[in-house]
Amino acid sequence: MQYIMKGGNPLVGEVVISGAKNAALGILAAGIMTDESVIIDNLPDVRDINVMLDALRDIGVVVERLGKHRVKLNSGNIHSVRVDNEYIRRMRAGYYLLGALLGKYRHAEVALPGGCDIGSRPIDQHLKGFRALRANTQVEYGMVVADASELTGGHVYMDIVSVGPTINVILPAVLASGNTIIENAAKEPHVVDVANMLNSMGANVKGAGTDVIRIRGVERLHSTEYSIIPDQIEAGTFMFAAAVTRGDVTVRNVIPKHMEAISAKLTEMGCEVVEFDDSIRVLGKPRLYSCNIKTLPYPGFPTDMQPQMGVALTIAEGTGIITESIFENRFKYVDELAKMGAFIKVEGNVAVVSGNTRLTGANLVAPDLRAGAALVLAGLAADGVSTVDDIQYILRGYENFDRKLRRLGAEIELVKDGREAQKFRLRVG
Ligand code: UD1
């Protein structure tokens, strides 16, 4: 399977953004912490979510699909606190099941998380948080084991500001006895979303969205119906698609406040960005200007939007500097862009991107999820036909990516073999 595309069309129109994948992963884990039924809405239909749902089924959660984006979970008959299958090993967010099962059953065993190869991705802060709740943790035979005879609220000071550990400490803390304080917590919208979901189940989590989160443990959680926030990164990707194709795209079903870092940069680069209550319109201009960015935890510029910015800078006027401060291995897409004529020099965690490039079509390989999406944007901005292979990464996090792009006027198709690719080439000329 690969994406094949012919660049050059300005993308024009409206695109509806799906629910946030990374919030959904935490919310699904939170959803198993009660024996009562939980309904989750606005769930994105992407591979990581389906892997998570399979993992839940494996341990005895009854998962009922009520619609394409709506599921009902019943976790009254979980028969195992051990989560291990080949798929969960390849994703990152299986770690949320550690926090959820530890909170509910005081014991959890989950395969060490994988995920995109974008640098070292330790889980020490997750384990430190569990230990602060008086759980014992160890890693053995490729599994992370957490166990607490008495799960007790504690004080955690996070060494780094990080989403995963923040959510993963909130999860067990809501059912621990006593109070927990998390300091230096991550402020990402998905942390707030998971906290809101837990509060709707009867938890007492205060301060999510600030750097101090206070949790008062409760005896039990109850049923809820909860709708997941829109995906900030999917929205940002389409906003950049408008910019690099000099198009005019309105992203709908977004929370403009969550998009501020991205909107500000696109404005700085010369695009017109118009905010409405729950949508944002991006009008690309013939001239795009370079800028510098440094990736930072929210509300800074998200690391998950860094490759898309890298693509935009190759065609902007001037030179742009990207400093990646979250992951050390997130410039793998640079070699792919070089095949299209781009010139980017990487020194450690800094990339210097020369602009004014007329990108030309090439055969590309997606190195990871967000970089893969960025390469598709490059293909849509380039002259001629490009292909992007290894799109299983992209399918992990973008729902109907090619279909949404086609509706905006992109010449792109997901093809299964060389024959289909050839047909596309003949069609587009
Ligand atoms: C999550 C997102 C991912 C996003 C990233 C940063 C999910 C499933 N994935 O990944 O899409 O790119 O946030 O916004 O939500 N760190 C430690 N110790 C830990 C945990 C993290 O040192 O215990 C470091 C990491 O090495 C990295 C940084 O903290 O430098 C960010 O980690 P974290 O926010 O946890 O990222 P992920 O959960 O891997």
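The values are calculated or read from the model by the stated rules, or taken from the named source; none is laboratory data. Please read all numbers here as calculations on a predicted model, not as lab measurements. Here the Cβ is made from the backbone with ideal geometry for all residues, glycine too, and neighbour counts use every protein chain on show. What goes into the accessible areas is simple: the full protein's heavy atoms, side chains included, and nothing from ligands, DNA or RNA. Shrake-Rupley method; radii C 1.70, N 1.55, O 1.52, S 1.80 Å.
Based on Cβ point charges of +1 for Lys and Arg and -1 for Asp and Glu, what charge dipole magnitude is obtained for the stretch 70-214 about its Cα centre, in debye rounded to the nearest 20?
Numbers: 15 positive and 13 negative charges, 77 e Å.
Magnitude of the dipole: close to 360 debye.
Treating the beta-carbon of each Lys and Arg as +1 and of each Asp and Glu as -1, no other charges, what is the dipole magnitude of the chain about its Cα centre, to the nearest 20 debye?
520
Expressed as a rounded percentage, what relative contact order does the stretch 290-421 have, with Cα pairs under 8 Å and six or more residues apart? Intermediate results must be reported in sequence, preceding the final value.
Working: 238 pairs, mean separation 26.5, N = 132.
Averaging sequence separation for qualifying contacts and normalising by length gives 20 percent for the stretch 290-421.
If packing is taken as the average count of other Cβ atoms within 10 Å, what order do 341-353, 307-319, 254-266 fall into, highest mean first? Please list the in-between numbers first.
Values: 341-353: 16.6, 307-319: 24.5, 254-266: 19.8.
The peptides rank, most packed first, as 307-319, 254-266, 341-353.
Looking at this model, which pairs from LYS128/LYS294; LYS21/LYS128; LYS6/LYS257 are more than 30 angstrom apart at the alpha-carbon? Don't skip to the answer; put the middle values down first.
Details: LYS128/LYS294 28 Å; LYS21/LYS128 25 Å; LYS6/LYS257 33 Å.
Beyond 30 Å between Cα atoms: LYS6/LYS257.
For ASP117, ASP335, what's the largest-to-smallest order of accessible area, 1.4 Å probe?
Working: ASP117 85, ASP335 110 Å².
My answer, sorted largest first, is ASP335, ASP117.
Taking square-rooted eigenvalues a ≥ b ≥ c of the alpha carbon gyration tensor, is the stretch 66-162 rounded, prolate or oblate, where a/c under 1.5 means rounded and, failing that, a/b exceeding b/c means prolate? Don't jump to the answer; show the numbers that get you there.
Working: a/c = 1.55, a/b = 1.15, b/c = 1.35.
The shape class here is oblate.
With every protein chain left in place, what is the accessible area per residue of the chain in square angstrom, probe 1.4 Å?
Details: 16370 Å² over 429 residues.
In whole numbers, the chain has 38 Å² accessible per residue.
How much solvent-accessible surface does LEU296 expose, in Å² to the nearest 10, with a 1.4 Å probe and all protein chains in place?
80
For the stretch 333-343, what does the Karplus curve 6.51 cos²θ - 1.76 cosθ + 1.60, with θ = phi - 60°, yield as ³J(HN,Hα) per residue in whole Hz, taken in order and with x for Gly and Pro?
With coefficients 6.51, -1.76 and 1.60, one gets 5, 4, 5, 5, 5, 4, 5, 9, x, 6, 10 Hz.
Could you rank the peptides 364-374, 57-67, 72-82 by their average count of other C-beta atoms within 10 Å per residue, with the highest value first? Please report the intermediate quantities before stating the final value.
Numbers: 364-374: 26.1, 57-67: 14.2, 72-82: 16.1.
The most tightly packed comes first, giving 364-374, 72-82, 57-67.
Give the ranking of TYR333, TYR226 by solvent-accessible surface, highest area first, calculated with a 1.4 Å probe.
Values: TYR333 5, TYR226 30 Å².
Result, largest first: TYR226, TYR333.
Would you calculate the volume per residue, in Å³, of the smallest convex hull containing every Cα atom of the chain? Each step should come with its number before you reach the end.
On the way: hull volume 53.8 nm³, N = 429.
Cα convex hull per residue, to the nearest whole number: 125 Å³.
Any chance you could look up the accessible area of TYR157 with a 1.4 Å probe, heavy atoms only, rounded to 10 Å²?
Rounded to the nearest 10, that gives 130 Å².
When the accessible area of the stretch 367-416 is split by element with a 1.4 Å probe, what percent falls to carbon and sulfur?
Values: 530 of 1400 Å².
Here carbon and sulfur together make up 38 percent of the probe-accessible area.
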